[in-house]
1. Using Cα atoms only, what is the angle between the long axis of helix 25-46 and the major principal axis of the chain, expressed in degrees (0 to 90) to the nearest 10?
2. Take every Cα pair under 8 Å in the chain that's 6+ residues apart, average their separations, divide by the length, and report that relative contact order as a whole percent.
3. Between residue 3 and residue 77, what FRET efficiency comes out of the Förster formula 1/(1 + (r/R0)^6) with R0 = 30 Å and r the beta carbon distance, rounded to 0.05?
4. Identify the GluC sites (Glu not before Pro) of the chain meeting these criteria: DSSP loop state and at most 14 other C-beta atoms within 10 Å of the C-beta.
5. Could you tell me which of the pairs 2/54; 2/76; 9/71; 54/76; 2/71 are separated by over 21 angstrom between their Cα atoms in the structure shown?
6. Want the number for residue 63 to residue 18: 0.36 nm per residue separation, take away the alpha-carbon distance, what's left?
7. Note the listed values (i) 45, 19, 18; (ii) 50, 23, 21; (iii) 42, 25, 21, then indicate which one is Cα extents along the principal axes in Å calculated from this particular structure.
8. On the protein heavy atoms, probe 1.4 angstrom, tell me the percent of accessible surface of the chain carried by carbon and sulfur.
Amino acid sequence: MKFSRLIDKVEKIADKYQQGDQVDSQKLTELQSLLGDKIARYQARLEEDMSEQKRDKLETRLKVVRAQLQKSQDLKKSS
């Protein structure tokens, strides 16, 4: 799944939770799996030889995905 779409899904679930809606545990589990896969792919790509600009962009995306994974884990704990 594309980076932006994955991040958008986490944000939608978080928004629903903030509005008082019940969060589907199964959806969160699936989302966490996708986020974990994305983290693994980004880490593998970071081991490749690439330009500094691409490396910086990838490291930034990795930080965002890790933050979204943490957010989804926090939502799962609180629901």
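The values are calculated or read from the model by the stated rules, or taken from the named source; none is laboratory data. Values in this document were obtained by computation on a predicted structure and should not be read as measured data. Note: ideal-geometry Cβ built from the backbone for every residue, glycine included; neighbour counts use all protein chains shown. Ligands, DNA and RNA are stripped out before the accessible areas are found, and what is left, the full protein with its side chains, is counted by its heavy atoms. Shrake-Rupley method; radii C 1.70, N 1.55, O 1.52, S 1.80 Å.
1. Compared with the principal axis, the helix lies near 10 degrees.
2. RCO, the chain: 45 percent.
3. 0.75
4. The qualifying sites are 47, 48.
5. Check vs 21 Å cut-off fails for 2/76; 54/76.
6. In short, 13.9 nm is gained.
7. (i)
8. Solvent-exposed carbon and sulfur of the chain make up 45 percent of the total.
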